[in-house]
1. Going toward the positive end of the dipole of the chain, with +1 on Lys and Arg Cβ and -1 on Asp and Glu Cβ, which of LEU9, TRP29, VAL247 do you reach last?
2. Taking square-rooted eigenvalues a ≥ b ≥ c of the alpha carbon gyration tensor, is region 241-300 rounded, prolate or oblate, where a/c under 1.5 means rounded and, failing that, a/b exceeding b/c means prolate?
3. Charges at C-beta only: +1 for Lys and Arg, -1 for Asp and Glu. How large is the resulting dipole of the chain about its Cα centre, in Debye rounded to 20?
4. Would you mind checking which residues have amide H under 5 Å from VAL53's amide H? H placed 1.01 Å from N; only 5 or more apart, or other chain.
5. Give the residue list of GluC sites (Glu not before Pro) in region 116-165 that are DSSP loop and have at most 12 other beta-carbon atoms within 10 angstrom.
6. If you consider only alpha-carbon coordinates, what radius of gyration and Dmax does the chain have, in Å?
7. Residue by residue through region 96-107, what is 3J(HN,Hα) from phi via Karplus (6.51 cos²θ - 1.76 cosθ + 1.60, θ = phi - 60°)? Round to whole Hz and write x for glycine and proline.
8. Which links in LYS110/LYS255; LYS2/LYS117; LYS23/LYS255; LYS23/LYS117 stretch past 31 Å when you go from one Cα to the other?
Amino acid sequence: MKEGDMEFLTEIAQFEASVDMEKEYRIGWSWRHVRIWPATLSRLFKDGYLDNVFRSNSFTGYKLTEKAKALISTQKQETSTETQSVVPLNLSDDLFRDIIGHEDIKDLLKATLLAEKPVHVMLTGPPALAKTLFLWDIEQIFGKQAIWLVGSATSKAGLWDLVAEREPKILLIDEMDKMNAVDMAALLTMMEGGRLVRAKRGRELDINNPLKVIAASNRLEKLSPELRSRFAIRRLNPYNRSEFLTVVKGVLVSKEGLSDDLAEEIARKLDGRSQDVRDAIRIARLAPQVGVDKTISLLLGGEKNAN
Ligand SMILES: Nc1ncnc2c1ncn2[C@@H]1O[C@H](COP(=O)(O)OP(=O)(O)OP(=O)(O)O)[C@@H](O)[C@H]1O
Ligand SMILES: [Mg+2]
């Protein structure tokens, strides 16, 4: 079992406990439900910790095996007999390992995660610069202590109630600029550890558990000045040529499973033609069918120097 797998299993167990596995999840849950990379899940499957209860082109449904459940329950007994001191957050070198470059952002985020009192950070900048990936990685280490929100799809219950109920340590908000006005207003108060005037009984936030917010957004214009003021706003700049080459090669090899040579070829041929890592990913996915050159011209059109 690889380091960290136990945490994955515990998270999955928590998920399974929170839903009706007999009814709603009869065909199992997918990586999207548990927010664990498909590659990790297939490893856990190979090792006998997951059952593959359903498989179609678009959906692979898993559930925990008895072997995994047994392991989790022994682990639980062990930890409950240990002294329950507050474990300081241990940021391993693995955190952000899948993100290439952006060293200063990594340092900034690690510092804020370790800080005792909250500093909120907003990552902003053009598409495909790994902003969402940063939030994702943070969610992986915080597990249940994190709440993940996408601004355009805030839950019906409302942000305030969600936070009051789950008492997360960290709130991760992607596409912050699309968040609705009510939630934005709640956020303003929360970020300063304030009280909501009209909070329902039992819905007050615990001021001893100050919340950190890490957000991502393409645009800042939609955000009110007072909200912007509550964040350390960190801009991610587009990759320069050599960064783009490194990132593309890295992503194509590690995430798309390409050989070094093919990744190198695609990165080199895209040089000067695209700044978008997602272009490279699309090319990598189509190239096996029609070849790299043809795919590039199909996707990006025409000649290298055409207007
Ligand atoms: N520095 C990087 N390291 C690893 N992967 C990267 C990097 N930059 C981009 N990518 C890859 O590019 C794709 C887009 O990344 P991501 O979704 O995090 O971008 P984003 O900044 O959130 O973009 P958007 O603003 O459009 O939401 C992902 O597949 C990601 O793996
Ligand atoms: Mg994103």
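1. Working it through, the farthest residue towards the positive pole turns out to be TRP29.
2. Numbers: a/c = 1.69, a/b = 1.13, b/c = 1.50.
Note, shape of region 241-300 comes out oblate.
3. Numbers: 45 positive and 45 negative charges, 167 e Å.
That gives the chain a dipole magnitude of about 800 debye.
4. Answer set, sorted by chain and number: GLY61, TYR62, LYS63.
5. Numbers: sites: GLU116, GLU139, GLU165; in loops: GLU116.
For GluC sites (Glu not before Pro) across region 116-165 that sit outside H, G, I, E and B with at most 12 neighbouring Cβ atoms in 10 Å, the list reads GLU116.
6. 21.7, 69
7. With the stated coefficients, region 96-107 comes to 6, 4, 7, 9, 8, x, 6, 4, 5, 5, 4, 4 Hz.
8. On the way: LYS110/LYS255 24 Å; LYS2/LYS117 33 Å; LYS23/LYS255 33 Å; LYS23/LYS117 42 Å.
With Cα atoms farther than 31 Å apart: LYS2/LYS117; LYS23/LYS255; LYS23/LYS117.
All of the numbers you see were taken from the coordinates with simple rules; none came from a lab. Just so it is clear, the structure is predicted and the values come from calculations on it, not from any experiment. Glycine also receives a Cβ, built like all others from the backbone with ideal geometry; neighbour counts cover every protein chain displayed.
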